[in-house]
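Take a look at the structure below.
The values are calculated or read from the model by the stated rules, or taken from the named source; none is laboratory data. Bear in mind the structure is a predicted one, so any value in this text is a computation, not a measurement. For neighbour counting, all protein chains shown are included, and Cβ atoms are generated from backbone atoms with ideal geometry for every residue, glycine included.
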Amino acid sequence: MLKKIRMKKTGIIKELKFDEETPALRDDEREYLEGLLNHEYKVTKSTGYIENDKVMITDGPLKGYESYITRIDRHKKKAVLSLDLLNKEVNVTVSLEIIKKI
C-alpha cells in the first residue's frame, strides 16, 4: 500500500517502524485503515440512518464499522471514530450523512 501512495504523492512519506524492519502498525490496525480508504487513499463519505439511537451505515467505508463511532454531528455531517492506533486511543473525524432518524 505504501509503495502505491509514494508513487502518487509528493513530499515526505515514510512508514513508521519500531526498528529497521518492524512496522509500527499492527496487522489489524493496517487492515482497518486500508478498509477506510478508497483506491485514491482517501476516506469517502458514508451514508446511513439512526434507528432507536443505533447508527446503521448503508453505504461507504464505515459500513460494518458502526461500533467504532462515538459521536455524530448531523448538522456538519461528521462522525467521530475512536480507534486504537499505536497503543493509543485516537479520535478520527470522517464524513457521514444521516439520511433519517427512525
Fill in: Output for region 45-62, where each listed residue is over 16 Å from the mean Cα position of the chain (by Cα) and charged (D, E, K, R)
Glu51, Asp53, Lys54
Practice prompt. For region 33-58, name all the residues that are among the aliphatic types (A, V, I, L, M) and either in contact (Cβ under 8 Å) with a residue 60 or more places away in the chain or outside any strand (DSSP E or B) (or both).
Written response: Leu33, Leu36
Response to the item:
Of the residues in region 65-101, those that are in contact (Cβ under 8 Å) with a residue 40 or more places away in the chain, in contact with a strand residue (DSSP E or B) (Cβ under 9 Å, 6 or more places away or on another chain) and more than 15 Å from Lys45 (Cβ to Cβ) number 5
Worksheet item: Can you name every residue in region 90-102 that is part of a strand (DSSP E or B) and at pLDDT below 90?
Response: Val90, Val92, Lys100, Lys101
Response to the item:
Every listed condition ((1) surrounded by fewer than 12 Cβ atoms within 10 Å (Cβ to Cβ); (2) farther than 25 Å from Arg26 by Cα; (3) in contact with a helix residue (DSSP H, G or I) (Cβ under 9 Å, 6 or more places away or on another chain)) holds for Lys76 save (3)
